[in-house]
Amino acid sequence: MANDQLEVLNALDVAKTQWYHFTAIVIAGMGFFTDAYDLFCISLVTKLLGRIYYQKHGAAEPGSLPHNVSAAVNGVAFCGTLTGQLFFGWLGDKLGRKRVYGMVLMVMVICSIASGLSFGREPKAVISTLCFFRFWLGFGIGGDYPLSATIMSEYANKKTRGAFIAAVFAMQGFGILAGGTVAIIVSAAFKARFPAPSYEADPTASIFPEADYVWRIILMFGAIPALMTYYWRAKMPETARYTALVAKNAKQAAADMSKVLQVEVEAEQGRTEQGGNDFGLFSKEFLRRHGLHLLGTTSTWFLLDIAFYSQNLFQKDIFSAIGWIPKAKTMSALEEVFKIARAQTLIALCSTVPGYWFTVAFIDRIGRFSIQIMGFFFMTVFMFALAIPYQHWTLKENRVGFVVMYSLTFFFANFGPNATTFVVPAEIFPARLRSTCHGISAAWGKAGAMIGAFGFQYAEKGIGVRNSLIILGVVNLLGLLFTFLVPESKGRSLEDLSGEATQENAAPSGSRQQENGTAPV
């Protein structure tokens, strides 16, 4: 690192873990709690939507969403998320992290509520408005990815930065867990208040009008944690790295961090770290320095999310296929919601949540690269172990073994690439382009999620669960290979990783001068 690095940046790098670090984790993490809740709770209610709006009189099986409708309901939020990641990632570098941060939260709050208030009672009206609001919900969620990661990265010290960013992302596990818990409570409460027989006993009585409130309540609940966080996001100061390196106001950065760190930080108004590090995203210099890095972060996130979201969104179908969840016709509508939610909550509790926190515990000890390689490796192994002897796992006496193996793929996804693909893009790019590059990486991830959401829906019907799992195993293997394009960032300062420190050291001191405005992106 350059010896003449700005004092405020050096103070951030060597700061001891303080209360403000934990406050930032909670403020940013509650956004991710909401993100995960909103993205994954839809998979808990799609079976119920099928029974309510697509029931055919006299049919032997309960109503279900047509394939195209199911794919749209499950995947439309990812389309919005991809768009939001690109737009708000770019906006976070242009206007500042703080100015955009509260904006994305209010979009999430409004659209969470609106999703549950989808208009009408006719299938076309309800599904159309649900998809519309879930697209814009995803748009807000998309903004939270680059902004939360970048803010936490720029606030953290270099010794524990990986754990802090991973802790923000780990709140996603609690969001998934909360989605299942809310679905269990709401469905159990309505089931107790309105007892109903199974579909095969009485098709008409197995679903009652009040069941329409169940999915709406589950979707709208996601607005509560986001709304609770808004005030604290508004109170956060702009990150010192953005203020000093992008807005070129080292004096303001020092003043802000003096309050946050509760120590006196020397103001250096006459200096900013620039020194030729002003290339744009679409320049040859960026391609030379960071082109392979961006390819590595985008490709690994893309491949990871194909597998991860296929597994998450269609757990209910896989569990039904192996018989862990009873056949739909043997249950009432709300009993089915309850059992799907219970199964997904058990998976989250036993494997998803622990996997995230294993990453938090070890990421600054063994490094991002090692965790990502290990995660992709074991995801590949367990996916093939499930797929190749698939008929063995469908036997009743082997179902518990299937669930254990399936849970381990989630554990190593989260103690592996699902966390590290979020962490690394927030560390290795220049401050001026950090939010944009994280947004691009995350958007490629959501492109993979859309393939998982739309593709698995058709692959399962066309080539079967076994062949679909084999394909996911191959995808995980490719993710392992592309990980070799991603650099290790453990223990290094952000300026050292991005090359800003090198440029500062190489540039003549006379070239460092105070500028107003922001550098071009």
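The values are calculated or read from the model by the stated rules, or taken from the named source; none is laboratory data. Quick caveat: nothing in here was measured; it's all calculated off a predicted structure. Positions of Cβ are backbone-derived with ideal geometry, glycine not excepted, and every protein chain shown enters the neighbour counts. These area figures cover heavy atoms from the full protein model, side chains too; ligands, DNA and RNA do not enter into them. Shrake-Rupley method; radii C 1.70, N 1.55, O 1.52, S 1.80 Å.
If a paramagnetic tag sat 7 Å from the Cα of residue 329 along the Cα-Cβ line, which residues of the range 56-77 would have the backbone N under 19 Å from that point? Backbone N within reach: 56-66. When Rg and the Kirkwood Rh are both derived from Cα coordinates, the Rg/Rh ratio for the range 38-137 amounts to 1.10. Remark on the range 416-493: ratio of C-alpha radius of gyration to 2.2 N^0.38 Å is 1.35.
If the viscosity is 1.306 mPa s and the temperature 10 °C, what translational diffusion coefficient in µm²/s does Stokes-Einstein give for the range 163-252 when Rh comes from Kirkwood over Cα pairs?
Values: Rh = 17.3 Å.
The calculation lands on 92 µm²/s.
Taking only protein heavy atoms and a 1.4 Å probe, the accessible area of the range 40-144 is 70% carbon and sulfur.
Calculate the FRET efficiency for residue 124 and residue 251 from the Cβ-Cβ distance with a Förster distance of 60 Å, rounded to the nearest 0.05. Working shown, then result.
Details: r = 58 Å, r/R0 = 0.97.
Here the calculated transfer efficiency is 0.55.
With q set to 0.07, 0.08, 0.09 Å⁻¹, the log10 of I(q)/I(0) for the chain, from the Debye formula over equal scatterers at the Cα positions, is -0.39, -0.50, -0.63. One decimal place: the segment residue 400-residue 235 gains 54.6 nm when fully extended, by the rule 0.36 nm per residue minus the C-alpha distance. Angle between the Cα long axis of helix 368-387 and the longest principal axis of the chain, 0 to 90 degrees, nearest 10? Result, in degrees: 20. Looking at the chain, the accessible area is 37 square angstrom per residue; that uses a 1.4 Å probe and ignores ligands, DNA and RNA.
With the simple spin-label model, which puts each label point 7 Å out from Cα in the Cβ direction, the residue 259 to residue 18 separation comes to 1.3 nm. How many angstrom lie between the C-alpha centres of the range 97-154 and the range 371-407? Here the two parts' Cα centres lie 34 Å apart. Taking the charge dipole of the range 28-167 about its Cα centre, with +1 at Lys and Arg Cβ atoms and -1 at Asp and Glu Cβ atoms, the residue from 63, 115, 50 reaching farthest to the positive side is 115. Extension gain, residue 224 to residue 210, is 2.8 nm, computed as 0.36 nm per intervening residue step minus the present C-alpha separation. Couplings for the range 471-487, taken from phi via the Karplus curve 6.51 cos²θ - 1.76 cosθ + 1.60 with θ = phi - 60°, read 4, 5, x, 5, 4, 4, 5, 5, x, 4, 5, 6, 4, 5, 8, 9, x Hz in order; Gly and Pro are left as x.
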